[in-house]
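Let me begin by presenting the structure, written as structure tokens, before commenting on it.
The values are calculated or read from the model by the stated rules, or taken from the named source; none is laboratory data. Source: prediction; values computed, not measured. Cβ placement follows ideal geometry from the backbone for every residue including glycine, while neighbour counts extend to all protein chains displayed.
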Amino acid sequence: MQRTRRELSPASVAHLLRRAGVDAWGVALNEPRLPLAPPLPRAVSLLMRLTAAEMEGVEDGPTPRYYDGYRRLNAALAEASQALAEALLGAGFACEVIAPTGTTTGDRLASGTFPHKTAATQAGLGWIGKTALLVSPAFGPRVRLATVFTDMLLVPGVPTVAGRCGRCRACVDACPAGAGRDVRWQAGMPRDELLDARACMESDSRVTDWRVKPPDFPGCVCGICVAVCPFGAEQCNRRARRDSAAAPLTKEVT
């Protein structure tokens with residue numbers, strides 16, 4: 001018996017992702033094929049943000065809340081990606097999910113895995129900063145990513161082709177490994193021109209407080225460059241002030 005296809009429109013995709021807690025999303029063209037990408041013509045880039053509370057104190061090194069936020073976003077992005085994949089398959093489209101980095105392995109330097117930041121920049125969700133972080137205009141670098149490839153003909157975004165950090169070098173100066181090279185990113189630039197990734201990973205193990213790191217956490221995650229980015233801090237603090245002002249007043253129970 002032939003399987004009945006469910007209708008799926010761009011508006012319903014947006015609604016699904018909004019309900020899944022995705023803070024921003026966009027579509028990148030995969031024609032010609034992006035490096036390490038599967039042979040499907042569109043890449044849907046999903047973005048979720050860390051909260052101000054999860055980032056508090058990380059400028060001095062990773063904290064328990066930061067580890068929890070990292071895991072929270074990876075789990076939420078995995079669920080959102082799976083929900084989108086099920087909707088696409090149910091409508092008769094092909095798809096392939098690329099899980100959030102760090103979901104199954106601690107080796108952030110592993111080759112052969114499609115880099116989520118490629119889809120995000122090609123979808124116009126942000127640019128690459130001076131320590132190879134994606135910097136979102138809305139959320140700074142305090143974000144996590146996932147990618148779903150599909151043959152659904154969604155309208156692509158306008159690719160971001162150059163960094164917008166200007167003369168700022170906050171992340172470069174704060175890096176305990178000196179891994180950032182203070183280079184302005186251009187689309188297609190190899191990561192090694194921006195960042196000494198090996199030095200970054202080795203420094204992670206030095207700044208990590210092993211008393212607060214969960215024993216089953218996949219790999220090392222420093223987060224210092226994420227925390228010190230003035231763009232990300234400004235956006236995060238602005239949202240925190242807005243949320244605080246909008247919160248209802250409560251009476252103290254005596």
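From Ala177, Ala120, which residue is touching a residue at least 40 places away in the same chain (Cβ under 8 Å) and surrounded by 15 or more Cβ atoms within 10 Å (Cβ to Cβ)?
Ala120
Given (1) under 22 Å from Gly157 (Cα atoms); (2) of a type outside the set (A, V, I, L, M); (3) crowded, with 18+ Cβ neighbours inside 10 Å; (4) within 17 Å of the chain's Cα centre (by Cα), where does Pro137 come up short, assuming only one miss?
Checking Pro137 against (1) under 22 Å from Gly157 (Cα atoms); (2) of a type outside the set (A, V, I, L, M); (3) crowded, with 18+ Cβ neighbours inside 10 Å; (4) within 17 Å of the chain's Cα centre (by Cα), the one that fails is (3).
Within segment 161-182, is even one residue closer than 19 Å to Asn30 by Cβ, modelled with pLDDT of 95 or more and either of a type outside the set (Lys, Arg) or assigned to a strand (DSSP E or B) (or both)?
Yes.
Which of the residues that make up segment 130-160 are assigned to a loop (DSSP other than H, G, I, E, B), small (Gly, Ala, Ser) and in contact with a Lys or Arg (Cβ under 9 Å, 6 or more places away or on another chain)?
Ala132, Ala138
Do the conditions hold for Leu16, that is, is it in contact (Cβ under 8 Å) with a residue 24 or more places away in the chain and not in a strand (DSSP E or B)?
yes
Identify, please: which residue in segment 19-51 is among the charged types (D, E, K, R) and assigned to a strand (DSSP E or B) and is, among those, farthest from Pro176 (Cα to Cα)?
Checked segment 19-51; the qualifying residue farthest from Pro176 (Cα to Cα) is Arg42.
With respect to the numbered conditions (1) touching a Ser or Thr at 6+ places or on another chain (Cβ under 7 Å); (2) over 26 Å from Arg198 (Cα atoms), which one is the sole condition not fulfilled by Ala52?
(1)
Tally time: how many residues in segment 145-169 are surrounded by 21 or more Cβ atoms within 10 Å (Cβ to Cβ), in contact with a Ser or Thr (Cβ under 8 Å, 6 or more places away or on another chain) and not aliphatic (A, V, I, L, M)?
Here the count works out to 2.
Scan Glu54, Glu79 and give me the residue that is of a type in the set (Asp, Glu), within 20 Å of Phe149 (Cβ to Cβ), part of a helix (DSSP H, G or I) and at pLDDT 95 or above.
The unique qualifying residue is Glu79.
Please determine, by comparing only the residues of segment 1-56 that are within 30 Å of Ala227 (Cα to Cα) and of a type in the set (Ser, Thr, Tyr), which one is surrounded by the fewest Cβ atoms within 10 Å (Cβ to Cβ).
Across segment 1-56, the extreme among qualifying residues is Thr51.
Condition first: in contact with a strand residue (DSSP E or B) (Cβ under 7 Å, 6 or more places away or on another chain), at pLDDT 90 or above and not in a helix (DSSP H, G or I). Can you find one or more residues in segment 220-242 that meet it?
Yes, segment 220-242 has at least one match.
Across segment 129-182, what is the total count of residues that are under 23 Å from Pro62 (Cβ atoms), touching a helix residue (DSSP H, G or I) at 6+ places or on another chain (Cβ under 7 Å) and of a type in the set (S, T, N, Q)?
1
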